[in-house]
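**Student:** This structure is in structure tokens; I'll ask about it shortly.
The values are calculated or read from the model by the stated rules, or taken from the named source; none is laboratory data. No experiment lies behind these values; they were computed from the predicted model shown. Quick reminder, even Gly has a Cβ in these numbers, built from the backbone with ideal geometry, and neighbours come from all protein chains shown.
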Amino acid sequence: MVGTLKLFPLVTTICFAGEYMFKLKISNLEGAVQLSQQWATHTVSILDADIDYSSRAIELPLEHNRNLLRRYFFHDIFLEEYTLPNVLQEPIFVTEQHIKDILEFTALLQADNRLLIHCHAGISRSTAVACGVLCQHGLPPQEAVNIVFSLRSQALPNPRVIVLFDKILSLGGQLIAATKGISCELYGNNMEKFYEQLVNLLLLPNNTILRESSI
């Protein structure tokens, strides 16, 4: 059960000369194992929902006395028509509940904390979550997106995650616009179409999120 959600007001004084309230690293799964053990005080771990990691003997980041960890299982997809047919028979989409739980976990991060966010490749789900968490802690959306792309130049933030953060944090489309702009510039105008479809699906009245799943 998610407790009271604490959202920080948007201010412009959190970021000084590229330094923000807490230290942040974004990683793929392989790199996250060492970082969670040796560097992080808090880890947001995002894994694929259809992989049996134990049977494949894949090492995962683990919680320990110096590292608090929350783990989530959802796929790196954002629209049903773009599901990977050879991989996913029952895709698990990120939900509002996932995002609210992440925000509860990261709400009380302080300047001496070190946050690691990882997904499988460190490109899409993790970078989108990083954008949202930076906005939660006061960075303007464009500045948050710029920081994430400076940390992960290959970033392609998952549009569904971005739209849900924008909605829950009441950013009025600013995070969507900032991420869509740089994504279209780097990866082509198809991203514009994806964002438009997701806004229609997730933000407009009388629409619901497809196939919501519990954490």
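**Student:** When you look at Q142, is it over 15 Å from the mean Cα position of the chain (by Cα) and at pLDDT 95 or above, yes or no?
**Tutor:** Judged against the criteria, Q142 is a match.
**Student:** Of all residues being within 13 Å of the chain's Cα centre (by Cα) and modelled with pLDDT of 90 or more in segment 58-96, which is surrounded by the most Cβ atoms within 10 Å (Cβ to Cβ)? Just the residue, please.
**Tutor:** V94
**Student:** A further question on this structure: Look at Q136 and say whether it is at pLDDT 95 or above and of a type in the set (S, T, N, Q).
**Tutor:** For Q136, the condition - at pLDDT 95 or above and of a type in the set (S, T, N, Q) - is met.
**Student:** Also, I was wondering about something else. What number of residues within segment 35-57 satisfy the criterion of being among the polar types (S, T, N, Q) and modelled with pLDDT under 80?
**Tutor:** The number of residues fulfilling the criteria is 2.
**Student:** Under the condition of being surrounded by fewer than 16 Cβ atoms within 10 Å (Cβ to Cβ) and modelled with pLDDT of 80 or more, which residue from segment 178-192 is farthest from S150 (Cα to Cα)?
**Tutor:** Top of the filtered list is E192.
**Student:** Now for a separate question. Could you list, in sequence order, the residues of segment 166-207 that are without any contact (Cβ under 8 Å) to a residue 40 or more places away in the chain and charged (D, E, K, R)?
**Tutor:** Across segment 166-207, the qualifying residues are D166, K180, E185, E192, K193, E196.
**Student:** I want to confirm something. Restricting to segment 193-215 and keeping residues that are hydroxyl-bearing (S, T, Y) and surrounded by fewer than 19 Cβ atoms within 10 Å (Cβ to Cβ), which single residue is modelled with the highest pLDDT?
**Tutor:** Ranking the candidates gives T208 first.
**Student:** Moving on. I'd like the residue in segment 97-145 that is among the hydroxyl-bearing types (S, T, Y) and in a helix (DSSP H, G or I) and, out of all such residues, is surrounded by the most Cβ atoms within 10 Å (Cβ to Cβ).
**Tutor:** S126
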